[in-house]
1. Report, by residue number, each residue of the stretch 142-158 that is open to solvent by 20 Å² or more (accessible area, probe 1.4 Å) and at pLDDT 95 or above.
2. Go through (1) out of contact with any helix residue (DSSP H, G or I) (no Cβ under 9 Å at 6 or more places or on another chain); (2) open to solvent by 50 Å² or more (accessible area, probe 1.4 Å); (3) modelled with pLDDT of 95 or more; (4) of a type in the set (A, V, I, L, M, F, W, C) for residue 161 and report which single condition fails.
3. What residue, among those in the stretch 60-88 that are of a type outside the set (Asp, Glu), more than 18 Å from the chain's Cα centre (by Cα) and part of a helix (DSSP H, G or I), is farthest from residue 154 (Cα to Cα)?
4. Quick test of your reading of the structure: residue 215 fulfils all but one of (1) closer than 22 Å to residue 146 by Cα; (2) free of Cβ contacts under 8 Å to residues at least 24 places away in the same chain; (3) open to solvent by 40 Å² or more (accessible area, probe 1.4 Å). Name the failing condition by number.
5. Working carefully through the options 39, 98, 80, find the one that is on the phi > 0 side of the Ramachandran plot and either modelled with pLDDT under 95 or loosely packed, with under 14 Cβ neighbours inside 10 Å (or both).
6. Look at the stretch 83-95 and say how many of its residues are open to solvent by 70 Å² or more (accessible area, probe 1.4 Å) and at pLDDT below 75.
7. Considering only residues of the stretch 168-177 that are of a type outside the set (A, V, I, L, M, F, W, C) and in contact (Cβ under 8 Å) with a residue 60 or more places away in the chain, which is least open to solvent (accessible area, probe 1.4 Å)?
8. Yes or no: the stretch 220-235 includes at least one residue that is at pLDDT below 95, open to solvent by 80 Å² or more (accessible area, probe 1.4 Å) and among the hydroxyl-bearing types (Ser, Thr, Tyr).
Amino acid sequence: MKKHLAPLLLIIIYITTVSCEKEIVYETNSTHYTTSDINICATQHCPDIDIEIITFTSPETVKDFANKWILDKTTSTLYNASNVPDLSITDAIDLYINESQISYPETTELSDAHEIQIETALSYGTNNLLSIVHYTYQFSGGASGYDTASYLNLNPQNGELLSKEALFTEDFYAFAKAYFTKEYPQQEHLFNVLTFNENLQEVGFTEDGVILNYAEVDALYTENMVVTIPWNETESYLTF
């Protein structure tokens, strides 16, 4: 019996640990802003606006940080600046409308051509990781618009921000570089192993896997390169 006691004890400890781990419950509310909801747009030319914002109500550990990040990201996008005064989203929308109206005062056609879409969502949520995505599409005249996706990654157990360094082992970056090279063989010269980590602009997570957005800031090739690496290929490099 003695030789079986240790394994049995380990099993009991494991079961107790798992059963005592409190499941994280994510709860959000959603608010939608569109051009048709804005009073001034009933009588004036306005850009096309479609904004959906989530607000976390649970868990307590992350809701304040997550909601502030979503608000700041949204208002800075509308305000078109990295640092903005404390604004509500409706105030930031008013500023965006005003800017679009005065950008081309000689013609309402270009003013009306302005378009902005913002969507925020819970991209991935488990007991160990919360990943939030802030997606933006903007058009301000010209040949085409542009879109961006930003991610916030938090530890839901304590609300701490998870940096790239905290999410992956050191070996991950060589693996990711090889993955980008396979997906973008014509841009292989841009994937400098010494600066690869620095040029990873965004790291996010979805049910499909790890989202990586890479941009070589000093290169002529300015289009962001994005890959999705499946979970089964990244699990050995994850720290959570």
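The values are calculated or read from the model by the stated rules, or taken from the named source; none is laboratory data. Everything numeric here is computed off the predicted structure, so don't read it as measured data. Ideal geometry is used to build each Cβ from the backbone, glycine not excepted, and the neighbour counts take in all protein chains shown. Quick note on the areas: whole protein, heavy atoms, side chains included, nothing else; ligands and nucleic acids left out. Shrake-Rupley method; radii C 1.70, N 1.55, O 1.52, S 1.80 Å.
1. Hits for the stretch 142-158 are 149, 151, 155, 157, 158.
2. Status for residue 161: all satisfied but (1).
3. Only one residue fits best here, namely 79.
4. Here residue 215 clears every test but (3).
5. Working: 39 fails: on the phi > 0 side of the Ramachandran plot; 98 fails: on the phi > 0 side of the Ramachandran plot.
Only one candidate qualifies: 80.
6. 1
7. Of the stretch 168-177, the ones of a type outside the set (A, V, I, L, M, F, W, C) are 169-171, 173, 177.
Of the ones still in play, those that are also in contact (Cβ under 8 Å) with a residue 60 or more places away in the chain are 169, 171.
Details: 169: 45, 171: 108 Å².
Taking the candidates together, the pick is 169.
8. yes
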